[in-house]
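Below is one structure, written out as structure tokens, with a few remarks after it.
The values are calculated or read from the model by the stated rules, or taken from the named source; none is laboratory data. Since the structure is predicted, the reported quantities are computational estimates derived from the model, not experimental observations. In this analysis, Cβ positions are derived from the backbone assuming ideal geometry, glycine residues included, and neighbour counts consider all displayed protein chains.
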Amino acid sequence: MDLKEYIRSIPDYPKKGILFRDITTLIKDEKAFSKTIDLIVKKSEKFEIDKVAAIESRGFVFASAVSYILKKPFIMLRKKNKLPADTHSINFELEYGTATIEIHKDSIKKNDNILIIDDLIATGGTAEAAAKLVEISNGNVSAFIFVINLFDLGGCNKLIEKGYKVENLMDFPGH
């Protein structure tokens, strides 16, 4: 099964010049979605993992299923003001703006090994912010797993250069 066939490309979304890679066409197909989860689980086996984290919101779709299969706690990295308890926050740059993500301060114990999952990596700003949240929470980033890597935007390379382990299921150009 070629999972790339289940990714829809939408030009000029969310703004002109962006070619959006849409995973809704992948997750609405039960076989493609199951295969995706199985591949993420398989890739995760080479890492020491205490907890699974995901970046809001599409990362939740994949990471919650992986967390369930691995029988590991699930941590939500959410947009600003979406978590009710005390949080750590990180501001970061996106390829089309700025944003803030947060984590509950009590989500991670000292030296917990965290697998971070997201649907897509582009420039790496969101992923790098997620890693910083794990680290200021006294955890360790075991690895990142992305469904899609927009290879020409350099996000995976940026993370690798910073010493993180990175896996992805498929590559697409970003433009």
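One residue stands out in the stretch 28-77 among those that are touching a strand residue (DSSP E or B) at 6+ places or on another chain (Cβ under 6 Å) and of a type in the set (D, E, K, R): the one that is surrounded by the fewest Cβ atoms within 10 Å (Cβ to Cβ), namely GLU48.
Being more than 19 Å from ILE148 (Cα to Cα) and modelled with pLDDT of 95 or more is a property that ILE116 lacks. In the set (1) over 21 Å from PHE20 (Cβ atoms); (2) within 15 Å of the chain's Cα centre (by Cα); (3) surrounded by fewer than 20 Cβ atoms within 10 Å (Cβ to Cβ), GLU102 fails one condition alone, (3). Annotation note: of ILE108, ILE160, the sole residue that is within 16 Å of the chain's Cα centre (by Cα) and of a type outside the set (Phe, Trp, Tyr) is ILE160. VAL141 meets the stated requirement of being under 18 Å from ILE108 (Cβ atoms), crowded, with 23+ Cβ neighbours inside 10 Å and touching a helix residue (DSSP H, G or I) at 6+ places or on another chain (Cβ under 7 Å).
Taking (1) outside any helix (DSSP H, G or I); (2) closer than 17 Å to ILE108 by Cβ; (3) touching a residue at least 40 places away in the same chain (Cβ under 8 Å) in turn, ARG78 satisfies each apart from (3). Set side by side, the residues ILE75, ILE27, ILE23 differ, and just one is among the aliphatic types (A, V, I, L, M), within 23 Å of ILE136 (Cβ to Cβ), touching a Lys or Arg at 6+ places or on another chain (Cβ under 9 Å) and modelled with pLDDT of 95 or more, which is ILE75.
Looking across the stretch 115-156, just one residue is more than 22 Å from LEU3 (Cβ to Cβ) and without any contact (Cβ under 8 Å) to a residue 24 or more places away in the chain, and that is GLU135.
Anything in the stretch 63-75 that is under 20 Å from ALA99 (Cβ atoms) and either in a helix (DSSP H, G or I) or in contact with a Cys (Cβ under 8 Å, 6 or more places away or on another chain) (or both)? List them, or say none.
Correct list: ALA63 only.
Looking at ALA32, ALA85, which is the one that is within 25 Å of ASN138 (Cα to Cα) and of a type in the set (A, V, I, L, M, F, W, C)?
Just a single option satisfies the conditions, and that option is ALA85.
Kindly establish whether SER107 is surrounded by 15 or more Cβ atoms within 10 Å (Cβ to Cβ), small (Gly, Ala, Ser), within 26 Å of PRO73 (Cβ to Cβ) and in contact with an Asp or Glu (Cβ under 7 Å, 6 or more places away or on another chain). Considered against the rule, which asks whether it is surrounded by 15 or more Cβ atoms within 10 Å (Cβ to Cβ), small (Gly, Ala, Ser), within 26 Å of PRO73 (Cβ to Cβ) and in contact with an Asp or Glu (Cβ under 7 Å, 6 or more places away or on another chain), SER107 comes out as no. I'm checking my understanding of the structure. Among residues of the stretch 48-59 that are within 16 Å of the chain's Cα centre (by Cα) and in a loop (DSSP other than H, G, I, E, B), which one is farthest from ILE121 (Cα to Cα)? For the stretch 48-59, the residue satisfying everything is ILE49.
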